[in-house]
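Peer 1: Here it is: the structure, laid out below.
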Amino acid sequence: MIISKLPNVGTTIFTRMSQLAAETGALNLSQGFPDFDGPQALRDAVGRHIASGHNQYSPMTGLPALRTQVAAKIARSYGVHVDADTEVTITPGATQAIFCAIQAVIHAGDEVIVFDPCYDSYEPSVELAGGRCVHVQLGLDDFSIDWQKLTDALTPRTRMIILNTPHNPSGALISRAELDQLAALIADRDIYLISDEVYEHLVYDGVPHVSVLSHPELYHRAFVVSSFGKTYHVTGWKTGYVVAPPALTAELRKVHQYVSFCGVTPLQYALADYMAASPEHVEELPGFYQAKRDLFCDLLKPSRFTFTPVAGTYFQLVDYAHIRPDLNDVDMAVWLTREHGVATIPVSVFYQTPPEGQRLVRLCFAKREETLREAAEKLCVI
């Protein structure tokens with residue numbers, strides 16, 4: 001008899017909705033990936049490096065040239081200098097980086113605070129480390145941190161808090177004032193942080209992304225995770241990185257070397273080349289995706305969905321309460337896919353206990369203009 005270590009885990013909603021979209025021929029605005037390619041120069045570089053023989057193991061910590069480019073990007077973006085050798089680790093995807101960080105510091109019986117709605121990989125990773133997630137619900141209107149709920153959730157067993165900014169699925173941002181408040185709250189506690197910042201360069205309306213990297217009081221206890229896949233439109237490359245102080249990096253690498261040992265070598269070479277040659281890509285990314293957000297939101301204005309344009313990420317939440325209040329969001333997502341040809345993600349799957357009466361689905365706008373126009377046309381006739 002198999003005794004499952006994750007008895008409550010099944011196939012993710014992202015896989016299920018993408019499969020349903022494929023089966024029905026629906027437009028897939030559910031899973032978070034672009035329907036367009038990354039930069040041509042970046043893709044060309046992969047072939048060049050494969051042809052030139054860069055096909056064996058890279059260093060366990062990541063290709064030195066790529067770690068150097070990450071440190072340079074951080075310095076440009078946040079005015080912070082991190083050591084590429086002792087603070088930057090390249091991983092096969094941000095999800096693996098989060099997993100390794102949790103395994104590195106969480107012990108049996110430890111508690112990890114997560115904010116609902118939260119990304120679905122956090123809790124299984126904590127459970128596999130022998131820990132337990134404590135769910136703190138974000139505000140229903142603006143998805144901000146409820147500081148009283150967070151304070152009440154802290155116990156002597158609290159060992160980690162997982163932040164996500166820009167936030168998936170809501171697009172909400174954490175401000176500098178909120179980071180200051182968090183720092184004051186945990187100043188005298190032995191608590192680590194993971195700051196999941198994979199959408200760090202997808203922030204709109206001229207608002208800067210506030211990274212934990214730029215907050216010294218928090219960074220000294222933090223693993224900050226990001227994703228090349230999100231930033232360079234190549235999610236299938238599954239390449240990410242984690243930045244942490246030297247002592248935490250050393251512990252993370254102990255785990256990472258036995259999970260995958262290293263990332264894919266030619267992809268790392270290609271990313272290092274492209275980052276060095278095209279630093280402007282990161283600077284142009286907010287405008288690139290804001291144009292898609294604005295187009296999509298303008299196209300949806302005639303619909304019966306209600307929404308506020310997101311502040312970050314490439315996801316837009318829409319409220320369908322005026323359309324099918326009789327359906328919960330899982331049934332609504334299936335109905336939209338089967339009956340109207342647009343696949344979405346129900347927001348309730350990001351909660352331990354979904355709020356009563358919430359009627360939200362998530363749409364990905366990292367799509368070509370023609371995809372967004374076709375999707376909006378379908379949604380506006382409902």
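Peer 1: Going through the range 8-37 one residue at a time, which ones are part of a loop (DSSP other than H, G, I, E, B), farther than 17 Å from Ser121 by Cβ and out of contact with any helix residue (DSSP H, G or I) (no Cβ under 8 Å at 6 or more places or on another chain)? Don't jump to the end; show me each part of the working.
Peer 2: We begin by selecting, within the range 8-37, every residue part of a loop (DSSP other than H, G, I, E, B); these are 8-12, 25-26, 29-37.
Those still in the list that are farther than 17 Å from Ser121 by Cβ too: 25-26, 29, 34-37.
Within the range 8-37, Gly25, Phe36 qualify.
Peer 1: If you check every pair at least six apart or on different chains, which have Cβ atoms under 7 Å apart with a residue in the range 50-62 that is at positive phi and charged (D, E, K, R) first and a residue that is assigned to a loop (DSSP other than H, G, I, E, B) and crowded, with 17+ Cβ neighbours inside 10 Å second?
Peer 2: Listed pairs, sorted by first residue: none to list.
Peer 1: Give the range 320-345 a look and list any residue that's more than 22 Å from the chain's Cα centre (by Cα) and closer than 22 Å to Gln290 by Cα, or say none.
Peer 2: Val342, the sole residue that qualifies.
Peer 1: From the list Ala276, Ala272, Ala187, Ala244, pick out the single residue that is more than 21 Å from the chain's Cα centre (by Cα), modelled with pLDDT of 95 or more and closer than 18 Å to Thr61 by Cβ.
Peer 2: Answer to the selection: Ala272.
This table checks each residue for (1) more than 18 Å from His81 (Cβ to Cβ); (2) in the same structural domain as His81 (by TED's automatic domain parsing); (3) buried (at least 24 other Cβ atoms within 10 Å of the Cβ).
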site	(1), (2), (3)
Leu173	yes, yes, no
Glu178	yes, yes, no
Gln181	yes, yes, no
Ile186	yes, yes, no
Asp190	yes, yes, no
Asp196	yes, yes, yes
Leu202	yes, yes, yes
Val207	yes, yes, no
Ser226	no, yes, yes
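Peer 1: Looking for whichever is in a strand (DSSP E or B) and either modelled with pLDDT of 95 or more or not assigned by TED's automatic domain parsing to the domain that holds Lys254 (or both) here; the options are Ile74, Ile113. Which one fits?
Peer 2: The conditions single out Ile113.
Peer 1: Answer yes or no as to whether Ala101 is small (Gly, Ala, Ser), touching a strand residue (DSSP E or B) at 6+ places or on another chain (Cβ under 7 Å) and either assigned by TED's automatic domain parsing to the domain that holds Asp188 or free of Cβ contacts under 8 Å to residues at least 60 places away in the same chain (or both).
Peer 2: yes
Peer 1: Check off (1) touching a residue at least 60 places away in the same chain (Cβ under 8 Å); (2) surrounded by 13 or more Cβ atoms within 10 Å (Cβ to Cβ) for Arg16 and give me the number that stays unchecked.
Peer 2: (1)
Peer 1: Next question. Kindly indicate which of Asp326, Asp331 is more than 24 Å from Ser144 (Cα to Cα), in a loop (DSSP other than H, G, I, E, B) and either in the same structural domain as Gln290 (by TED's automatic domain parsing) or in contact with a Cys (Cβ under 6 Å, 6 or more places away or on another chain) (or both).
Peer 2: Asp326
Peer 1: Tell me, please, whether a residue that is touching a residue at least 60 places away in the same chain (Cβ under 8 Å), within 25 Å of Thr165 (Cα to Cα) and surrounded by fewer than 16 Cβ atoms within 10 Å (Cβ to Cβ) can be found in the range 353-363.
Peer 2: Looking through the range 353-363, at least one residue is touching a residue at least 60 places away in the same chain (Cβ under 8 Å), within 25 Å of Thr165 (Cα to Cα) and surrounded by fewer than 16 Cβ atoms within 10 Å (Cβ to Cβ).
Peer 1: Pairs under 6 Å by beta carbon, first residue in the same structural domain as His322 (by TED's automatic domain parsing) in the range 293-307, partner of a type in the set (Val, Ile, Thr), six or more apart or different chains?
Peer 2: Short answer, once both residue conditions are applied: Arg304/Ile323; Phe305/Val318; Phe307/Val318.
Peer 1: Test each condition in (1) in a helix (DSSP H, G or I); (2) in contact with a helix residue (DSSP H, G or I) (Cβ under 9 Å, 6 or more places away or on another chain) for Asp152 and report the one that comes out false.
Peer 2: (2)
Peer 1: Shifting gears a bit: Are any residues in the range 41-71 within 24 Å of the chain's Cα centre (by Cα) and either hydrophobic (A, V, I, L, M, F, W, C) or in a helix (DSSP H, G or I) (or both), and if so, which ones?
Peer 2: Leu42, Arg43, Met60, Leu63, Leu66, Arg67, Thr68, Gln69, Val70, Ala71
The values are calculated or read from the model by the stated rules, or taken from the named source; none is laboratory data. Since the structure is predicted, the reported quantities are computational estimates derived from the model, not experimental observations. So basically every Cβ, Gly included, is an ideal-geometry build from the backbone, and we count neighbours across all protein chains shown.
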